[in-house]
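A.B. asks: There's a structure below that I have some questions on.
Read-outs throughout are calculated quantities, based only on the coordinates presented, and are distinct from any laboratory measurement. What you see is a predicted model, and the numbers here were worked out from it, not measured in a lab. All Cβ positions, glycine included, derive from the backbone under ideal geometry; neighbour counts span all protein chains shown.
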Amino acid sequence: MSCPKICSVVGIVTALCMTGLILADPAERTPRQTAAREHGGAVLFSVAYQGQLRDVLFNPIIFDHVLVNQGSAYNNDTGVFIAPVPGIYQFVFAAQLCRGNHNNIWNFMVNGDHRMACHAQMPDGDTVLNTCYFMGELQQGDQVWVKQQAESCAWASTTSNTITFSGMLLASEGMSTLGGMYSSGTSGSISSLGQKRTMVSGCDGLSASLLTVVIALLLCCILLLN
């Protein structure tokens, strides 16, 4: 594209954008923007159990000490996390093992099904902090919790917070905290990660950044006029 043509496009697009800004009703734009922020808002939580989980079946473990619960998806009365939007989530469970001979097994549960087992054993007299991770694609309304098998034992004090359950939304439809776009049900969820960027040459020293401005202005007009 020649320089005069590019400059003409820039002028036309700028005029259209300015017209859209003047004519667009702020009251009409606000609901769409608010809805987008709500759909793409952060969902993350971190909770702790204070006390001992000794040789008893807990299904679920109710972590009643809430440290963070942005998005209010975790219920500290039931110990269950409910996915507010479909997407890819990551969960972490950590437990300080009791001293003694225990067959420690915890499970990540999704809608009542065992999705992952965390198994840890230590010699008598030793203890260690055991940490397990689970990542998976959830649908809206899916329920996730941690189950303790009967022979397991973990301990924490009111200040140590060594029995914890946490999770966060990594990517939902159309957005990602990792960058890029996510599409539900596809194996290559984060489509823009690792993509190569190519530069478009201009004329007479005109850089590709001007073309980027043109594209950005076009997108601006499309959003304003929809």
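A.B. asks: Compute the relative contact order of the stretch 66-129 as a whole-number percentage, counting only Cα pairs closer than 8 Å that sit 6 or more residues apart in sequence.
C.D. replies: After rounding, I find 27 percent.
A.B. asks: Hey, can you grab everything whose amide H is under 5 Å from the amide H of C98? Only 5+ residues off in sequence or another chain; H modelled, so Pro and N-termini drop out.
C.D. replies: C153, A154, W155
A.B. asks: If you don't mind, there's one more thing I want to ask. Quick one: length gained pulling H114 to N59 fully straight, 0.36 nm per residue minus the C-alpha distance? It would help to have the intermediate numbers written out before the result.
C.D. replies: Working: separation 55, 0.36 × 55 = 19.80 nm, distance 1.14 nm.
Using 0.36 nm per residue and subtracting the Cα-Cα distance, I get 18.7 nm.
A.B. asks: Can you tell me how much longer the chain between Q140 and V92 gets when fully stretched, taken as 0.36 nm per residue apart minus their C-alpha distance, in nm with one decimal?
C.D. replies: 15.3 nm
A.B. asks: Tally Lys/Arg at +1 and Asp/Glu at -1 over every other residue whose Cβ is under 12 Å from the Cβ of Q148; what's the total?
C.D. replies: Details: positive: R54, K147; negative: D55, E151.
So the surrounding residues net to 0.
A.B. asks: Taking the simple approach of a point 7 Å from Cα along Cα-to-Cβ for both Q121 and T158, what is their distance in nm?
C.D. replies: 3.6
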